[in-house]
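**Q** Sharing a structure below in structure tokens format, with a few things to ask.
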Amino acid sequence: MRRFLRSGHDPVRERLKRDLFQFNKTVEHGFPHQPSALGYSSSLHLMAIGTRSGAIKLYGAPGVEFMGLHEENNTVLQMHFIPGQCQLVTLLDDNSLHLWSLKQRSGTSELQEEQRFTLRGPPGSSPSATQITVVLPHSSREVLYLGTESGNIFVVELPSFRVLEDRTISSEAVLQRVPEDYSNRRPCELVEAIQEHPRNPNQILIGYSRGLIILWDLQSNKATHHFLGSQQLENVFWQRDGRQFISCHYDGSYAQWPVSNDNRQPEPLESKVPYGPFPCKAISKIYWQVTKNGLPYVIFQGGMPRASYGDRHSISVIHGSQQIAFDFTSRVIDFFVISNADPAAEFDDPSAMVVLVEEELVVIDLKAPGWPAVHPPYLASLHCSAITCSHHISNIPLKLWERIISAGSKQNSHYSNMLWPIDGGTNLAPDPPQRDLLLTGHEDGTVRFWDASGVCLHLLYKLSTVRVFLTDVDPNDNMNPLGEDEWPPLRKVGSFDPYSDDPRLGIQKIYLCKYSGYLAVAGTAGQVLLMELNDEAAEHVVDYAEADLLQDQEGYRWKGHERLKARDGSVRFEPGFQPFILVQCQPPAVVTSLALHSEWKLVACGTSHGFGLFDHQQKRLVFVKCTLHPSDQLALEGPLSRVKSLKKSLRQSFRRIRRSRVSSRKRRAGNIAEVQEANAKFDQAALQEMELAPVQRKIEARSAEDSFTGFVRTLYFADTFLRDSSRHCPSLWAGTNGGTVYAFSLRVPPAERRMDEPVRAEQAKEIQLMHRAPIVGILVLDGRSAPLPEPLEVAHDLSKSPDMQGSHQLLVVSEEQLKVFTLPKVSSKLKLKLTALEGCRVRKMAVANFGSCQTDDYSENNLTVLTNLGDIQIISLPFLKLQTRYPCIRKEDVSGIASCVFTKYGQGFYLISPSEFERFSLSTKWLVEPRCIIDAPEITSNNHLHNTSGMEHTGRRSRELGRSSGDTGEDERKSGRLMEHALLNDEKVLKEIQSTLEGGRRRGDPIPIYQRSRTLSTRIQELYRKKFGKKSRRTWAK
């Protein structure tokens, strides 16, 4: 009975666990899933991205990141920074506005939601009366102008979101001076754009969908100019001097309009269809940027000919005779141009264009010749081709790190040398303590090497395996098939390419030895490539070897895809990892397990048919082992085969039902009296104990006839005691989906005879688990109960030599339980039944080293286990005691659980979307998270911001889910100086101020702090004008 009791409470151990273990989700790497809005603050140098799930993410300099989430989880349609403030306003598709602030706490900045507001009309009014289409934060930082579908513009006070009804701009007031024949067209149906005058904050430009544009004076509350457009309006943009503006339209045209002081009806100076004369798509957004050399930059989205290029996602840049239409591989969400942020400057002088498309962020250098792209330090498009697997390596040696970076830099020669233009905030995070690599395998046959040391996941190097094989597409083909003289002048940009030349190229397993530089990559069609790092380009023949895992057994016929055909002759490879041998498994099924031992120069690979061992130094096959069961016909169909046996599936289902019925009848047929007597004795003994073991579930044993029992799940090399306790030898262990463990003893010749004598292998052990649960992992513990070191780790003095004096232990982790065996006898010693006790199944396992946050002298190795419920359990070695449990991934997120990868020091990554990794930490000592601060911009005087942001918003895109644009380049006014000392020292002035505040209190209406500060500021300005006899132009500190 005592063997089933739980261990008692140990306060010392509990305190130690608090020093070792702590769960945190720290940072999200990659590109936001389904982006829907973009914003930019030219004063803070921050960029904001909103998503369809209601998330908002702010980015500045590398390492400066913030994240917020709306409670409603609605689509973010627009994002606008408040000029000169660390504040952001978001508009959701439920017509709600939200105010977010960056506030400093404990030395760092945090993003917090301050207010929320929904614009509502009078009772009985239609929803379109208050459906917001445009948001304009005024440079005074006190109000928002909200354009609606009804044509009315509402004014909302900040930060209270109080509607100032007396300042509403109605469509009736707008039409007072419009010619009668034009007003009969109902031109004020929908507000498409609102922009503030770049030199006069008391004037705003309002554009309506039918083409009417008015210049509205805020002081006199009337329209001063009407611009009568004949085409449906999409957007407007002010030129920096305020003397002209440019409008873009649905028919693919744009027009320049003069703004004069006379009362004459303005006519467009120029109207142009850049890709005419045939019908063109709408130009949805436009920039007009003036430069010192006199030639402006005209930048616009869309406008392509409908018939031939209507499916292209493009942004065109025109500068003098140079014109390029940047062609993106996914839909453009929004864009902004980074230019001179000084409002007093005479020229815009644009430096970069930032484009948010559905699947990536693209930055174009507008200063360099040819306008090349800028390599992003974050927001990497992880899913440029679908991720199929991942592999993490900790603590990379400096020499290997530098060689990988060198190879990657040669691939990035086409990128601009421009420094990253979005550089707001200060990164306070300490430098990473070590260099970590995250390798991702992709569907198109590439492996990408990511710097995972810190907050930013940065691409270092890309490896392609396509050159080894004959495919339909030549790898030397140019991305841009059009020549220089083609029209329109399209140029492909971006790295997102969701299409694979051949699904068989997909990478399934990766293994990198950080000490030797050997890399093994396995794919979907049974191909295993062995590579080594070369700093120079080379041309050589890739050797070929074949491993027949069926061993010519009769009665088996492969029904799946064919193998990839290797290229004949020599192949040229660029600097980096270059393959030197290709091992082809037959049948060409998906490689399901891979292990590399660089010290012994051996590689093992397994599929659903068996596994084999290959000597890559002598380039010969050592042995193969077929694990296929006679009933495993599904294993012969392959993952890409459309042939599915419905009859067999039904047969297996009925067999399971029949077995469960038979077993239940046998249980009921027992002697009921004997069972009751045994239960009574057991209950009496149990009551004498303080604590009982949890109830164990009954687990039905799996049949050997179940499909894929020969599926090889894991391979493991170990130098341990396999035959007797006096001599240790190299060994290879393999675990299958049917709960079988195979152990092979290896004889590896010494180094001086390594090329002369062959490596020999002999099967030494075979273990069959009772419940035939799939094997997830295998681990050998040395005499100190520590995991065996990695190959070459001891030779590089980075690990202690394993203890070969004491007895070794074998840990076998299946989906249902963890079991420890003694070696070499392979007798059961300990086990932990996870499925029986908790109803969960093991999906991933790894050994992690946890260091204490209190002292550097203590650390311990534990097993980290991820279950099918999304929980992570930390289990002690070798006693298999559960230390702690953390909920990490939703149990419904099957792809997230399948993509999880653990690191050596208690961290992990898993995919929360096809384009994003969530990083988490289980350790108190190893924690990678953003720590940054945003300083509010300083206040300057007598300067008004030139609004380059396109705060205008296309109402049509606001109404459509996911088609949105936001504040994309808002140049904000810098703050002003404090008021003169003399005014504040005037006794009469101070008395009048005091009476103003007291008067508000006497009316019984308490004044909020923010309103009181504005009342005080307004009163001071009035007194200043009264005292000095002139209108003050200064910007007063609030």
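The values are calculated or read from the model by the stated rules, or taken from the named source; none is laboratory data. Quantities reported herein were computed from a predicted structural model and do not represent experimental measurements. Quick reminder, even Gly has a Cβ in these numbers, built from the backbone with ideal geometry, and neighbours come from all protein chains shown. Heavy atoms of the whole protein, side chains included, go into the accessibility calculation; ligands, DNA and RNA do not. Shrake-Rupley method; radii C 1.70, N 1.55, O 1.52, S 1.80 Å.
**Q** Can you give me the C-alpha center-to-center distance between the range 157-175 and the range 819-839, rounded to a whole angstrom?
**A** So the two Cα centres are separated by 72 Å.
**Q** Right, something else. In square angstrom, what is the accessible area per residue of the range 124-228 with a 1.4 angstrom probe?
**A** On the way: 3820 Å² over 105 residues.
Roughly 36 Å² per residue, with all protein chains present.
**Q** Still on this structure, please answer the following. By the scheme Lys and Arg +1, Asp and Glu -1, what is the net charge of all other residues having a beta-carbon under 12 Å from that of residue 899? All intermediate terms of the calculation are to be shown ahead of the outcome.
**A** Numbers: positive: 843, 844; negative: 893, 916, 918.
So the environment of residue 899 carries a net charge of -1.
**Q** Measure off, as a whole percent, the carbon and sulfur share of the 1.4 Å-probe accessible area of the range 124-228, all protein chains present.
**A** Working: 1630 of 3820 Å².
Summing carbon and sulfur atoms, their accessible area is 43 percent of the total for the range 124-228.
**Q** For the range 796-903, which GluC sites (Glu not before Pro) are both in a DSSP coil and crowded by at most 13 other Cβ atoms within 10 Å?
**A** Those that pass, being in a loop and sparsely packed, are 892.
**Q** Same structure, new question: Going highest first, how would you order 149-161, 487-499 by mean Cβ packing within 10 Å?
**A** Ranking, from highest mean packing down: 149-161, 487-499.
**Q** On to the next question. Does the range 827-904 come out rounded, prolate or oblate, given a ≥ b ≥ c as the square roots of the eigenvalues of its C-alpha gyration tensor, rounded meaning a/c under 1.5 and, failing that, prolate meaning a/b above b/c? Don't skip to the end; give the middle numbers.
**A** Numbers: a/c = 2.18, a/b = 1.27, b/c = 1.72.
Oblate shape, in that a/c is at least 1.5 and b/c is the bigger or equal ratio.
**Q** Name the residue farthest towards the positive end of the dipole of the range 287-366 from the options 293, 366, 340, assuming +1 on Cβ of Lys and Arg, -1 on Cβ of Asp and Glu, about the Cα centre.
**A** Going by the Cα projections, it comes out as 293.
**Q** Can you compute the FRET efficiency between residue 129 and residue 181 using 1/(1 + (r/R0)^6), with r the Cβ-Cβ distance and R0 = 22 Å? Round to the nearest 0.05. Mind showing how you got there, number by number?
**A** On the way: r = 27 Å, r/R0 = 1.20.
Calculated transfer efficiency: 0.25.
**Q** Assign one of three labels to the range 124-228, namely rounded, prolate or oblate, based on the Cα gyration tensor with a ≥ b ≥ c the square roots of its eigenvalues; rounded applies when a/c is under 1.5, prolate when it is not and a/b is larger than b/c, and oblate otherwise. If you can, show how the numbers build up before the last one.
**A** Working: a/c = 1.89, a/b = 1.24, b/c = 1.53.
It comes out oblate by the Cα gyration axes.
**Q** Given a Förster radius of 60 Å and the C-beta distance between residue 413 and residue 19 as r, what FRET efficiency does 1/(1 + (r/R0)^6) yield to the nearest 0.05?
**A** Working: r = 48 Å, r/R0 = 0.80.
The formula returns an efficiency of 0.80 here.
**Q** At 0.36 nm per residue, minus the direct Cα-Cα distance, what do residue 620 and residue 306 gain on full extension? Give it in nm, one decimal, please.
**A** Values: separation 314, 0.36 × 314 = 113.04 nm, distance 5.91 nm.
Taking 0.36 nm per residue and subtracting the Cα distance, the gain is 107.1 nm.
**Q** So, one more: Under the 0.36 nm per residue contour assumption, what length would be gained going from the current alpha-carbon distance of residue 797 and residue 497 to full extension? Mind showing how you got there, number by number?
**A** Numbers: separation 300, 0.36 × 300 = 108.00 nm, distance 4.31 nm.
Net length gain for the segment: 103.7 nm.
**Q** A further question on this structure: Note down the nm distance, to one decimal, between modelled labels 7 Å out along Cα→Cβ at residue 756 and at residue 256.
**A** 8.6 nm
**Q** While we're on this one: Taking the Cα centre as origin and putting +1 on Lys and Arg beta-carbons and -1 on Asp and Glu beta-carbons, what dipole magnitude results for the range 792-873, to the nearest 20 debye? List each step's numbers first, then the result.
**A** Details: 9 positive and 10 negative charges, 115 e Å.
In total the dipole reaches around 560 debye.
**Q** What's the FRET efficiency of residue 829 with residue 486 using the Cβ-Cβ distance as r and R₀ = 56 Å, to the nearest 0.05?
**A** Working: r = 73 Å, r/R0 = 1.30.
The pair residue 829/residue 486 has a calculated efficiency of 0.15.
**Q** Which net charge results when you count Lys and Arg as +1 and Asp and Glu as -1 among the other residues whose beta-carbon is under 13 Å from that of residue 544?
**A** Result for the neighbourhood of residue 544: +2.
**Q** Taking 0.36 nm per residue of sequence separation and subtracting the Cα-Cα distance, how much length would be gained by fully extending the chain between residue 771 and residue 321, in nm to one decimal? Don't jump to the answer; show the numbers that get you there.
**A** Numbers: separation 450, 0.36 × 450 = 162.00 nm, distance 7.48 nm.
So the extension gain works out to 154.5 nm.
**Q** My understanding is that a pair violates if its Cα-Cα distance is over 19 Å; which of 800/881; 292/367; 514/619 do that in this structure? Let's see the in-between values first.
**A** Numbers: 800/881 25 Å; 292/367 13 Å; 514/619 22 Å.
Too far apart for the 19 Å limit: 800/881; 514/619.
**Q** Separate question: Run the paramagnetic zone check for residue 34: 7 angstrom along Cα to Cβ, then residues of the range 88-119 with backbone nitrogen under 13 Å.
**A** Answer for this model: 93.
**Q** Using mean Cβ contacts within 10 Å as the protection proxy, how do 772-785, 597-610 order, highest first? Kindly include the intermediate steps, with their values, before the conclusion.
**A** Details: 772-785: 20.5, 597-610: 25.0.
Ranked from most to least packed, the peptides come out as 597-610, 772-785.
**Q** Specify the inter-centroid distance of the range 489-512 and the range 370-403, based on alpha-carbon positions, in whole Å.
**A** What the calculation gives is 14 Å, centre to centre.
**Q** Sort 30-40, 47-57, 742-752, 193-203 for me by packing, meaning the mean count of neighbouring Cβ atoms within 10 Å per residue, highest on top.
**A** Numbers: 30-40: 25.6, 47-57: 22.5, 742-752: 16.0, 193-203: 20.4.
In decreasing order of mean packing, 30-40, 47-57, 742-752, 193-203 become 30-40, 47-57, 193-203, 742-752.
**Q** Carbon-plus-sulfur fraction of the accessible area of the range 74-113, 1.4 Å probe, in percent? List each step's numbers first, then the result.
**A** On the way: 380 of 1100 Å².
Here carbon and sulfur together make up 34 percent of the probe-accessible area.
**Q** Within a Cβ distance under 12 Å of residue 924, other residues only, what is the Lys/Arg minus Asp/Glu net charge?
**A** +2
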